[in-house]
Amino acid sequence: MACQEVVELLNDYREDVLDAHRRARLDAHLAECPYCVSYLEQLLLATRLSSRLQVHDVPELVMASLLEVFRAR
Amino acid sequence: MTVVDPPSIATVSVIDAGHADRDVVDALLRGDEQQFRALVGRHHRAMVHVAQRYVPSHAVAEEVAQDAWVAVVTSLPRFEGRSSLKTWIFTILVNQARSRGVREHRSVPFSSLGDDGPDEAAVSPDRFNGPDHRWAEHWAQPPRRIDDLPEERLDNDQTRRAVEDAIAALPVNQQRVVWLRDVEGWSAEEVCAALELTEANQRVLLHRARAKVRAALEVALEASLG
């Protein structure tokens, strides 16, 4: 398996939806390709940083009108 | 090295979540405004993202999300806990968004996935060796290893900004999926249900989105390393 194919499969690998054969080939590739491991680590870092973007701010005008609805229920 | 994401907490603690939901609903029924604020804060942005799948504009999606909250508040006494509170809220939202979309003459089907352009490579082909090379299709310009970098080089204002901007620049379908999966931490099943996507579509959109976010992150990492 070549790296160019690997990078297209790594998301399915992460999602654990590859069939056993492809998964085994990918495992074998990663075991001897530090570059693709680095690529995977960068992908995982991107997701980790994404999860820290979560913001819970709702515009105060929106919140105010929703609170009015809540009080009037 | 662990390469597969751990199972989401949501699937591990379904029973606890049920109790927590009941507590939240009871508090809301007593008129607890702090709980209501917290609940709106937790879900409102995701609701706008989901609603946009069904309606023609962000402004309408915002309206739909607010209308859904009104429906949530008035229906709350009838919440039975047969699904999680989150699932219940988003079911109400999707129903409202769908009927609003019909009124706005929006056809919702999968053709809209075509908006996201042709098949794209996760990594630019010129970073791999050409077909005549002994190591054809292997890395010519590999990504930098990051496991030797301290955490502050990986997670800082620049890298977070790069990720945030990359997500904001994504085509809408990719953006919605990666937002719900990676920012909000939803499961694939939850995303497929809320956005009416097949598993395969969800995966393709997520793959493309994550590849672009990684590419932007790589640029930011290189810049900070000089």
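All of the numbers you see were taken from the coordinates with simple rules; none came from a lab. Just so it is clear, the model here is predicted, and its values are computed rather than measured. Every residue, glycine as well, gets a Cβ built from its backbone with ideal geometry; the counts of neighbours run over all protein chains shown.
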Next item on the list: Filter the stretch B:152-167 down to the residues that are polar (S, T, N, Q) and part of a helix (DSSP H, G or I), then identify the one that is farthest from B:V178 (Cα to Cα).
Entry: B:Q158
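Can you go through B:P171, B:P142 and tell me which one is facing another protein chain (nearest Cβ under 8 Å) and surrounded by 15 or more Cβ atoms within 10 Å (Cβ to Cβ)?
Numbers: B:P171 fails: facing another protein chain (nearest Cβ under 8 Å).
Among B:P171, B:P142, only B:P142 is facing another protein chain (nearest Cβ under 8 Å) and surrounded by 15 or more Cβ atoms within 10 Å (Cβ to Cβ).
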Check: What tally of residues in the stretch B:200-226 results from selecting those that are more than 13 Å from the chain's Cα centre (by Cα), facing chain A (nearest Cβ under 8 Å) and of a type outside the set (A, V, I, L, M, F, W, C)?
Finding: 2
Item checked: the stretch A:58-73, residues that are more than 7 Å from chain B (Cβ to nearest Cβ) and either among the β-branched types (V, I, T) or not in a helix (DSSP H, G or I) (or both) -> A:P59
